[in-house]
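Here is the structure we will look at, set down as structure tokens.
Nothing in this text is a laboratory measurement; each read-out follows from the coordinates by a stated rule. Note that the coordinates shown come from a computational prediction; the quantities given were computed from them, not determined experimentally. Positions of Cβ are backbone-derived with ideal geometry, glycine not excepted, and every protein chain shown enters the neighbour counts.
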Amino acid sequence: MRDPEMMVTPQEARKLFEESTLFDMQQAYLLHEAYRRQYTDESGNQEWEDTRLLSFLYYIGRIQGIREERYRRRKAHSMRGRGSAQN
């Protein structure tokens, strides 16, 4: 499988982060805690650990976005089906 193209630039990410909410922070914290319990390496290499955590969060966010888009499309498709059945 091909890696997805990066569609958010680092500059855009900084701007978007300013719009994050307390809910976003709470979700990130819960994911961080889950990661820490399961995957923390005892190597002592903090840069490696930070990169692994960021990769974990990035991938989870990517999957969340994919699932939200699929849900949106399914919902839109089911609404179209209902509209044509009523006519």
| Pick the calculated Rg/Rh (Cα atoms, Kirkwood Rh) for this structure from [x] 1.13; [y] 1.10; [z] 1.06? | [x]
| With point charges of +1 on the Cβ of Lys and Arg and -1 on the Cβ of Asp and Glu, referenced to the Cα centre of the chain, which listed residue (16, 45, 76) lies farthest in the positive direction of the dipole? | 76
| field | Extension gain (nm, one decimal) between residue 77 and residue 16, 0.36 nm per residue minus Cα-Cα | value | 19.0 nm
| message | Testing the spin-label approximation: label points 7 Å from Cα along Cα→Cβ at residue 40 and residue 55. State their distance in nm. | response | 1.9 nm
| remark: With a Förster distance of 30 angstrom and the Cβ-Cβ distance between residue 63 and residue 25, calculated FRET efficiency to the nearest 0.05 equals 0.95
| query | Quick one: putting +1 on the C-beta of Lys and Arg, -1 on the C-beta of Asp and Glu, what dipole do you get for the chain around its Cα centre, in Debye to the nearest 20? | reply | 980 debye
| Just in segment 8-87: which GluC sites (Glu not before Pro) are loop by DSSP and have at most 16 other Cβ atoms within 10 Å? | 18, 19, 42
